[in-house]
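Undergrad: Please find one structure pasted underneath; my questions will follow.
The values are calculated or read from the model by the stated rules, or taken from the named source; none is laboratory data. On a predicted model such as this, the values are computed, not experimentally measured, just so you know. Please note: Cβ atoms are built from the backbone with ideal geometry, for glycine as well, and neighbour counts cover all protein chains shown.
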């Protein structure tokens with residue numbers, strides 16, 4: 001019996017006509033009938049957090065000067081004592097919280113917060129790391145701020161770093177309660193090492209609901225989709241392939257991961273939700289790769305860049321080979337090139 005070898009083929013298909021090349025996603029719009037506010041890049045800078053917005057902090061004990069009684073630790077491996085409040089190391093005050101893991105793990109110290117649905121929020125704070133290593137193959141997230149239960153995460157820190165400001169802007173969607181906090185690792189990206197966190201702040205972005213522009217019937221701040229006449233859809237310009245995970249390869253898992261995303265006017269992708277998943281780490285692989293590496297030429301409406309709600313299909317296929325003494329063969333599905341229907 002000839003020995004078989006196989007490698008991984010990831011097929012990503014895109015709405016026809018958006019771009020050329022191998023890795024292209026299928027996208028289609030979804031309009032939830034509400035506006036998503038535009039966030040200027042300055043919102044993510046530490047200078048934005050003047051005393052006034054800090055007074056609106058929705059997190060209790062975000063500086064940990066009074067301990068962490070409002071916070072809850074968790075460990076993917078079920079390890080206890082992964083977090084602690086330590087003194088003498090705070091960025092400005094005396095205290096900070098530390099997350100430690102000697103093995104590959106996903107640990108988090110989180111707090112539940114009541115939020116307004118369909119509103120934009122800024123989660124920010126300061127992170128310091130010591131010998132943080134992203135242990136999981138294909139992982140890209142080390143120390144970060146995160147929203148539990150999804151894939152929203154701030155800039156990631158690995159290695160050894162002094163106090164660094166990180167921020168995450170996200171949309172609450174239909175949620176009325178969220179769980180946010182400090183994290184070492186993430187879905188499909190276990191990590192080890194030590195990370196300190198301080199001065200965590202969660203605020204609703206103070207912007208009023210947009211009003212329609214004269215003669216257009218739409219605000220420049222609304223998230224559009226393909227149903228809006230005159231919208232020029234996004235064009236993919238950078239699309240690294242999501243890696244196959246070892247467990248999916250071993251189990252020979254193939255199929256489609258369907259994601260709902262927002263392609264921002266900046267060309268970046270966020271607000272990702274898994275509509276249809278495959279498990280075995282493939283959902284996380286697709287989300288992490290798209291968040292970190294995919295870039296688009298943004299959608300245009302009336303000649304101006306706009307946020308665009310879309311769906312992306314990532315098709316995972318395995319490629320099989322026989323030994324060199326036999327004729328090689330492969331099995332790979334083709335991307336359908338068909339967009340998903342808008343709406344639910």
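Undergrad: Looking at the range 155-169 only, could you name the residues that are assigned to a loop (DSSP other than H, G, I, E, B) and under 15 Å from residue 270 (Cβ atoms)?
TA: First, pick out the residues of the range 155-169 that are assigned to a loop (DSSP other than H, G, I, E, B): 155-156, 158.
Residues satisfying the conditions are 155, 156.
Undergrad: Filtering the range 170-185 down to residues that are at positive phi and in a loop (DSSP other than H, G, I, E, B), which residue is farthest from the chain's Cα centre (by Cα)?
TA: Of the range 170-185, the ones at positive phi are 173, 181, 185.
Filter once more, keeping what is in a loop (DSSP other than H, G, I, E, B): 173, 185.
On the way: 173: 14, 185: 13 Å.
Per the stated criteria, the residue is 173.
Undergrad: What's the number of the only condition in (1) under 18 Å from the mean Cα position of the chain (by Cα); (2) closer than 19 Å to residue 202 by Cα; (3) touching a residue at least 40 places away in the same chain (Cβ under 8 Å) that residue 139 fails to meet?
TA: Result: residue 139 passes all but (2).
Undergrad: For the range 265-303, enumerate the residues that are part of a helix (DSSP H, G or I), farther than 23 Å from residue 169 by Cβ and touching a strand residue (DSSP E or B) at 6+ places or on another chain (Cβ under 7 Å). So that I can check it myself, show each step before the final result.
TA: Initial filter on the range 265-303 (part of a helix (DSSP H, G or I)): 282-293.
Restricting the remaining residues to those that are farther than 23 Å from residue 169 by Cβ gives 282, 285.
Of everything in the range 265-303, just one residue is part of a helix (DSSP H, G or I), farther than 23 Å from residue 169 by Cβ and touching a strand residue (DSSP E or B) at 6+ places or on another chain (Cβ under 7 Å), namely 282.
Undergrad: Something else about it: Would you mind finding the one in 95, 143, 102 that is modelled with pLDDT of 95 or more, over 25 Å from residue 289 (Cα atoms) and not assigned by TED's automatic domain parsing to the domain that holds residue 282? Reasoning before the result, please.
TA: Values: 95 fails: modelled with pLDDT of 95 or more; 143 fails: over 25 Å from residue 289 (Cα atoms).
Of 95, 143, 102, the one residue that is modelled with pLDDT of 95 or more, over 25 Å from residue 289 (Cα atoms) and not assigned by TED's automatic domain parsing to the domain that holds residue 282 is 102.
Undergrad: Out of all the residues in the range 288-300, is one or more within 13 Å of residue 234 (Cβ to Cβ), at pLDDT 85 or above, in contact with a helix residue (DSSP H, G or I) (Cβ under 9 Å, 6 or more places away or on another chain) and buried (at least 19 other Cβ atoms within 10 Å of the Cβ)?
TA: Among the residues of the range 288-300, not one is within 13 Å of residue 234 (Cβ to Cβ), at pLDDT 85 or above, in contact with a helix residue (DSSP H, G or I) (Cβ under 9 Å, 6 or more places away or on another chain) and buried (at least 19 other Cβ atoms within 10 Å of the Cβ), which makes the answer no.
Undergrad: Continuing with this model, one more query. Say whether the condition of being touching a strand residue (DSSP E or B) at 6+ places or on another chain (Cβ under 6 Å), part of a strand (DSSP E or B), at pLDDT below 85 and not assigned by TED's automatic domain parsing to the domain that holds residue 152 is met by at least one residue in the range 244-264.
TA: no
Undergrad: Something else about it: Can you tell me which residues in the range 242-260 are in contact (Cβ under 8 Å) with a residue 60 or more places away in the chain, under 15 Å from residue 313 (Cβ atoms) and surrounded by 18 or more Cβ atoms within 10 Å (Cβ to Cβ)?
TA: 242, 254, 256, 258, 260 - these are the residues of the range 242-260 that are in contact (Cβ under 8 Å) with a residue 60 or more places away in the chain, under 15 Å from residue 313 (Cβ atoms) and surrounded by 18 or more Cβ atoms within 10 Å (Cβ to Cβ).
Undergrad: Tally time: how many residues in the range 121-168 are buried (at least 21 other Cβ atoms within 10 Å of the Cβ) and in contact with a helix residue (DSSP H, G or I) (Cβ under 7 Å, 6 or more places away or on another chain)?
TA: Of the residues in the range 121-168, 2 are buried (at least 21 other Cβ atoms within 10 Å of the Cβ) and in contact with a helix residue (DSSP H, G or I) (Cβ under 7 Å, 6 or more places away or on another chain).
Undergrad: What about residue 200, is it closer than 27 Å to residue 240 by Cα, buried (at least 24 other Cβ atoms within 10 Å of the Cβ), in the same structural domain as residue 64 (by TED's automatic domain parsing) and at pLDDT 90 or above? Explain how you work it out, then say what you get.
TA: Numbers: closer than 27 Å to residue 240 by Cα: no; buried (at least 24 other Cβ atoms within 10 Å of the Cβ): yes; in the same structural domain as residue 64 (by TED's automatic domain parsing): yes; at pLDDT 90 or above: yes.
It is false that residue 200 is closer than 27 Å to residue 240 by Cα, buried (at least 24 other Cβ atoms within 10 Å of the Cβ), in the same structural domain as residue 64 (by TED's automatic domain parsing) and at pLDDT 90 or above.
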